[in-house]
Amino acid sequence: MLTITNLVIVIAFRQALNAKEKEIKPPQSATSYAPMVWLAAGLTALAAVTALVPAFSDATVHTPYVGGFMDLPREVVSWGVHPEPENSLTVACWIIHISSLVEFLVAMGFAWRWADVVGNPKWKGLTWGLLPLHSSGITACTYHLFYNEIPILVPLQAFLTCVGNITAAYATYRIAVSNGWTADWADRFYQTVNIFPEDSDSLVPIQKEESPTLVGFEDLGDALAKDTDYTFIVKLFAGCALASYALKYGEILFQFPFDANVYLSVMIILVPSLLNAFKWYKRSQDPTFEGWF
């Protein structure tokens, strides 16, 4: 469901940005809920089928998701230092997890661009607000990378999700207020928790034009700007599928996934999370900064 939500947000953001930047008629998704409702409903129905069919077919605790139809035959996979455990994720599951991470980065990049397009810097606060949720996704992937053998990562992911929901909600609240939305209780709340000066966003500094050669995952929206929504989704899926095969069948070449080292798992979460945060900090100072991923 998280993947579906992210995908709907990315497609809607992509359509709106395209209309704004090219000064063309807004897409139907910007004026009506219907397109995205139908897209969400269709994807949710598909997800429900993949969950319900195994549920009614005598599935066990380690029954592969959708039968592991994208996996290589187990007898073919003979190059690892250890055989894959029974609880290893299928390629399809890895695609879901990896695509969620990539979609989060793309959405963060779209929010950053939208701030410049509409002249409202508070949209960049949404990018910052999504950082804990992206780290939560990294935590989930790390948990599965170590074959679910580090249980402390489960409450850590829950904590990051909780924090991320709060920061994202507060960021969207600030956007709503900046666009004129108001309520008595909201005004009192905003004055209480707002840590920014009243005029902190009133003057937007003139910034350098962003580099046209940005290569981070958050800039896939730019790199694939000429694609239709359908080809954009196909290329996104193909890239995540290749990464999933590489991760699933590449990690068994190493010993560390089987060792369940808590400190290593924390570093795997912490390093990309800090790099991601520092990347956005650098871009806020220098829009030509390309980042690392």
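Would you mind calculating the relative contact order of region 1-117 from Cα pairs under 8 angstrom and at least 6 residues apart, reporting the percent as a whole number?
Details: 73 pairs, mean separation 46.5, N = 117.
With pairs under 8 Å counted, the relative contact order is 40 percent.
If you wrap a convex hull around the Cα atoms of region 1-80, how much volume per residue is inside, in Å³? Please report the intermediate quantities before stating the final value.
Working: hull volume 11.6 nm³, N = 80.
Hull volume over Cα atoms, normalised by residue count, gives 145 Å³.
Placing unit charges on C-beta atoms (Lys and Arg positive, Asp and Glu negative, everything else neutral), compute the dipole magnitude of region 228-285 about its Cα centre in debye, rounded to 20.
Here region 228-285 has a charge dipole of around 300 debye.
Using 7 Å Cα-to-Cβ label points, what is the V234/E86 separation (nm, one decimal)?
4.0 nm
Figure the gain on full extension for E23 and D58 (residue separation times 0.36 nm, minus the Cα-Cα span) and round it to one decimal in nm.
Working: separation 35, 0.36 × 35 = 12.60 nm, distance 5.44 nm.
Using 0.36 nm per residue and subtracting the Cα-Cα distance, I get 7.2 nm.
Quick one: with all protein chains in place, what share of the accessible area of region 95-186 is carbon or sulfur, to the nearest percent (1.4 Å probe)?
Values: 2470 of 3540 Å².
It is 70 percent, rounded to a whole number.
For the charge dipole of region 1-145, defined by +1 on Lys and Arg C-beta atoms and -1 on Asp and Glu C-beta atoms about the Cα centroid, which residue among A48, L17, C141 has the Cα displaced farthest towards the positive pole?
Going by the Cα projections, it comes out as L17.
Between A48 and C162, what length in nm is gained on full extension when 0.36 nm per residue of separation is reduced by their alpha carbon distance?
On the way: separation 114, 0.36 × 114 = 41.04 nm, distance 2.50 nm.
Additional length available on full extension: 38.5 nm.
State which entries of K25/K248; K124/K248; K122/K226; K124/K235 exceed 32 angstrom in Cα-Cα distance in the structure shown.
Numbers: K25/K248 44 Å; K124/K248 34 Å; K122/K226 27 Å; K124/K235 26 Å.
Exceeds cut-off: K25/K248; K124/K248.
Quick one: go through region 228-269 and flag any residue whose amide nitrogen is under 18 Å from the point 7 Å out along the Cα-to-Cβ line of V77.
240-260
Working with all protein chains in place, sort H134, H97, H62 by solvent-accessible area computed with a 1.4 Å probe, largest first.
On the way: H134 10, H97 50, H62 80 Å².
Order by accessible area, largest first: H62, H97, H134.
The values are calculated or read from the model by the stated rules, or taken from the named source; none is laboratory data. Just so it is clear, the structure is predicted and the values come from calculations on it, not from any experiment. Neighbour counts are summed over all protein chains in view; Cβ atoms, including those assigned to glycine, are modelled from backbone coordinates with ideal geometry. Note: accessible area is taken over every heavy atom of the protein model, side chains too, but ligands, DNA and RNA are not part of it. Shrake-Rupley method; radii C 1.70, N 1.55, O 1.52, S 1.80 Å.
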